[in-house]
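The structure appears right after this line, and notes come after that.
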Amino acid sequence: RKHFVFILYMAVIAVFLFVCAYAIGFLHNDTSEAQYKKTASINEGWRLKDEDTTDPIGNLPKVVSAAKAGGTLFRQLPENIERGSILAFENRFQDVRVNIDGKERYSYNGLLPNVNRRLNTNFFCRIHLDAEDSGKIIEVTFRSPSNQKSITLPIFTIGTEMEIFLEFFRLDIVTLVFSGIMIFFSVLFLAIFIRERCSKGENCAILAHSAILMALSGIWSIANSSAVHLCAYNDMLLSYLSFHSFMLLPVVIPIFYCDILEKHKKFLYRLSCGASLNFILQNVFFFSGKFQYVEMMPISFIVFLFTIFALAGISIREFAKKDSTYTGGFLIATAVFGGFFTLDVFRFFYYRPSDNAMFFRYGVLAFIIIIFWIFAKRMLCYVEVEVENRVYKELALRDVLTHLPNRTALEKRIKGLEEDGKVCDFFTVILMDVNGLKPVNDKSGHGAGDRLLCEAARSIKEAFPEEKDAWYRLGGDEFVVLMTETALDNEECQQRLLMATEKWKNEDYGPISISCGSKTEKNFKITREAVGQVMHEADQIMYRHKILYYQKKMNKKTV
């Protein structure tokens with residue numbers, strides 16, 4: 001029953017997020033008709049010339065098989081082309097040549113500048129048109145550089161550059177929203193990870209691995225966005241980002257799983273190393289000019305699928321053992337992600353659609369939703385442990401009654417200053433003792449004595465506000481103030497204490513009286529021995545004032 005409720009809960013969240021994504025802005029309805037009137041799609045009336053045959057083509061887009069030598073599309077351009085218009089279409093890893101009225105207007109063969117290598121990629125071809133091009137015959141030749149037996153015929157759109165960008169932005173809004181969500185959470189988790197590392201938090205590696213996984217997913221998705229390609233200055237850079245982020249995903253995912261499935265760390269690291277080897281070899285083959293990335297893409301898909309199935313196998317095994325509370329969620333996440341990814345693999349090889357990452361995005365989003373639930377539970381445990389540890393550390397360094405730092409905190413501060421080699425222009429130690437604590441305890445009870453100590457602590461903080469956290473309770477009725485930037489003589493210290501305790505003199509247990517002894521040193525290099533000597537001298541001064549306090553009190557009683 002618990003597993004059924006969990007699956008239902010995840011499904012509801014997933015559907016809700018998908019509905020929200022599709023409901024964003026002017027997605028498919030309100031502006032669709034208006035935008036369509038501004039851009040013209042010429043996807044009918046084309047004919048395909050393949051070697052010696054010429055056949056009519058129906059509506060585009062379309063994948064034509066048995067076209068190993070490539071093919072040429074041709075038709076007549078519209079009669080009402082305006083000046084400043086462009087013809088845009090998405091190229092699917094193919095060589096392209098465009099002729100208008102028999103003259104070459106555009107060509108692309110994937111050759112990188114200044115090097116003898118090719119990088120055919122998925123990007124937008126843009127051909128500038130003038131009013132004089134109206135009614136002319138356009139020929140678009142496609143050829144696969146990897147000797148595939150099929151070519152992809154895309155959608156052709158005519159309009160101004162801004163109109164075409166807005167149209168594809170509308171169509172790609174889901175992709176952009178997904179990428180934005182992934183990158184946002186990546187930056188958020190990375191910031192939390194850095195904060196935890198700076199504060200010496202433990203077991204926070206899952207934050208860094210989550211940030212990397214989300215960043216790669218977001219980058220891969222946005223690098224395949226039509227709207228981004230339309231406004232990008234460098235298509236090759238987007239291609240590098242697309243191929244490399246995709247190849248790095250099977251490197252990161254097993255490491256991410258290591259944070260939860262710790263018993264299988266050795267095998268998961270081997271999975272990650274295998275994917276890393278694929279990443280390195282593909283780059284070696286590409287930069288040596290042997291193969292293009294697109295030719296080696298089947299290997300990347302196989303590595304990715306093997307990684308997903310291996311993770312599914314581990315999750316099933318752990319779920320059967322019921323050794324971990326997280327394996328059920330991981331099994332569901334892996335199955336959902338693997339299913340969506342497999343759909344995209346078939347689409348890539350057998351259909352070659354304009355958006356080969358649609359199912360992958362759904363799979364990653366569902367995967368992230370489930371992982372968030374697991375991650376939230378784990379982080380909750382992590383936060384609870386961290387809070388407990390910090391509370392225990394705080395209790396170890398703080399006096400429970402007065403909330404001032406205790407003797408241990410004082411020793412820790414002195415040790416830190418000594419290790420830093422601190423030299424103070426003025427170093428002041430003020431030792432204090434609350435007068436008359438025992439009579440208050442005997443007369444009014446220890447509760448009244450505790451209140452007296454608390455009021456004394458407040459008075460000390462009020463009397464010496466120059467430096468933060470410079471006040472300490474040594475124990476019993478003894479307090480000390482240690483200042484590294486202030487010079488105070490004993491008379492001024494006593495006057496400050498009198499002013500601070502004045503408002504408490506009407507309490508039921510009598511006025512607060514605090515004896516103090518102050519010692520200031522100039523150009524003082526802090527060491528434990530030197531600080532101990534200064535504290536001893538201040539203690540002697542305080543002891544003499546305490547004797548004077550009790551002598552005056554005895555004299556009053558005698559009179």
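Can you pull out the GluC sites (Glu not before Pro) in segment 134-222 whose DSSP state is coil and whose Cβ has at most 16 other Cβ atoms within 10 Å? Intermediate values should be presented prior to the final figure.
Details: sites: 139, 161, 163, 167, 196, 202; in loops: 202.
Hits after loop and neighbour filter: 202.
Which part of segment 241-281 falls in the paramagnetic zone of residue 317, meaning amide N under 13 Å from the point 7 Å along Cα-to-beta-carbon?
Correct set: 261-271.
Quick one: if the Förster radius is 51 Å, what FRET efficiency do residue 59 and residue 265 give, using the C-beta to C-beta distance and rounding to 0.05? Mind showing how you got there, number by number?
Working: r = 52 Å, r/R0 = 1.03.
The computed FRET efficiency comes out at 0.45.
How high is the FRET efficiency from residue 205 to residue 412, r the C-beta distance, R0 35 Å, rounded to 0.05? Intermediate results must be reported in sequence, preceding the final value.
Details: r = 28 Å, r/R0 = 0.81.
Efficiency, from the Cβ-Cβ distance: 0.80.
Taking the solvent-accessible surface of protein heavy atoms with a 1.4 Å probe, what is the per residue accessible area of segment 245-291 in Å²?
Values: 2240 Å² over 47 residues.
On a per-residue basis, 48 Å².
Using 0.36 nm times the number of residues separating residue 107 and residue 551, minus their current alpha carbon distance, what extension gain do you get? All intermediate terms of the calculation are to be shown ahead of the outcome.
Working: separation 444, 0.36 × 444 = 159.84 nm, distance 10.55 nm.
Using 0.36 nm per residue and subtracting the Cα-Cα distance, I get 149.3 nm.
So how far, in whole Å, is the C-alpha centre of segment 128-171 from the one of segment 442-503?
82 Å
Restrict the search to segment 195-284; then list the chymotrypsin sites (Phe, Trp or Tyr not before Pro) that DSSP places in a loop and that have at most 13 other Cβ atoms within 10 Å of their Cβ. All intermediate terms of the calculation are to be shown ahead of the outcome.
Values: sites: 220, 233, 240, 243, 246, 256, 257, 267, 269, 279; in loops: 233.
Answer by residue number: 233.
Quote to one decimal, in nm, the extra length available between residue 419 and residue 462 on full extension: 0.36 nm per residue of separation minus the C-alpha distance between them. The partial results should precede the final answer.
On the way: separation 43, 0.36 × 43 = 15.48 nm, distance 2.99 nm.
Gain on extension, residue 419 to residue 462, equals 12.5 nm.
For residue 403 and residue 117, compute 0.36 nm times the residue count separating them, minus their Cα-Cα distance, and round to one decimal in nm. Spell out each step's value before the answer.
Numbers: separation 286, 0.36 × 286 = 102.96 nm, distance 6.99 nm.
Gain on stretching residue 403 to residue 117: 96.0 nm.
Quick one: ranking 471, 46 by accessible area, 1.4 Å probe, largest first, what do you get? If you can, show how the numbers build up before the last one.
On the way: 471 25, 46 0 Å².
Descending order: 471, 46.
With 5 Å bins from zero, work out the P(r) of segment 422-501 over every alpha carbon pair and list the percent per bin.
Pairs per bin, as whole percents: 3, 15, 24, 24, 16, 9, 5, 3, 1, 0.
In nm, to one decimal, how far is the residue 79 label point from the residue 191 one, both placed 7 Å along Cα→Cβ?
5.9 nm
Based on the Cβ-Cβ distance from residue 41 to residue 237, what FRET efficiency comes out when R0 is 30 Å, to the nearest 0.05? Intermediate results must be reported in sequence, preceding the final value.
Working: r = 28 Å, r/R0 = 0.95.
Efficiency, from the Cβ-Cβ distance: 0.60.
For segment 435-544, which trypsin sites (Lys or Arg not before Pro) pass both filters: DSSP loop (anything but H, G, I, E, B) and at most 14 other C-beta atoms within 10 Å?
Details: sites: 443, 451, 458, 461, 468, 473, 496, 503, 505, 519, 522, 525, 528, 544; in loops: 468, 505.
Those satisfying the criteria are 468, 505.
Quick one: net charge of residue 145's neighbours, Cβ under 9 Å, K/R +1, D/E -1? Kindly include the intermediate steps, with their values, before the conclusion.
On the way: positive: 118, 143; negative: 95, 295.
Net charge in that neighbourhood comes out at 0.
Spelling out what I want: for every residue of segment 71-85, take phi, set θ = phi - 60°, compute 6.51 cos²θ - 1.76 cosθ + 1.60 (Karplus), and round to whole Hz; glycine and proline get x.
x, 10, 8, 8, 5, 8, 6, x, 7, 10, 6, 8, 5, x, 7
For 229, 545, give me the order by solvent-accessible area with a 1.4 Å probe, most accessible first, ignoring ligands, DNA and RNA. Provide the component values of the computation, followed by the final result.
Working: 229 5, 545 65 Å².
Sorted descending by solvent-accessible area, the residues read 545, 229.
Rank 231, 258 by accessible area, highest first, at a 1.4 Å probe radius? Could the numbers behind the result be given before it?
Details: 231 90, 258 0 Å².
Sorted descending by solvent-accessible area, the residues read 231, 258.
In nm, to one decimal, how far is the modelled label at residue 287 from the one at residue 49, with both set 7 Å along Cα→Cβ?
Computed distance between label sites residue 287 and residue 49 equals 4.3 nm.
Work through the residues other than residue 132 whose Cβ is under 11 Å from its Cβ and net out their charges, Lys, Arg +1 and Asp, Glu -1.
On the way: positive: 83, 136; negative: 101, 130, 133.
Local net charge: -1.
³J(HN,Hα) across segment 277-288 via Karplus (A = 6.51, B = -1.76, C = 1.60, θ = phi - 60°), whole Hz, x for Gly/Pro?
Per-residue couplings from phi come out as 5, 4, 4, 5, 5, 4, 5, 4, 5, 5, 6, 8 Hz.
The values are calculated or read from the model by the stated rules, or taken from the named source; none is laboratory data. All figures in this text were calculated on a predicted structure; none of them were measured in a lab. Reconstructed Cβ throughout: ideal geometry from the backbone, glycine too, with neighbour counts over all protein chains shown. Please note that ligands, DNA and RNA were not included when accessible areas were found on the heavy atoms of the full protein model with its side chains. Shrake-Rupley method; radii C 1.70, N 1.55, O 1.52, S 1.80 Å.
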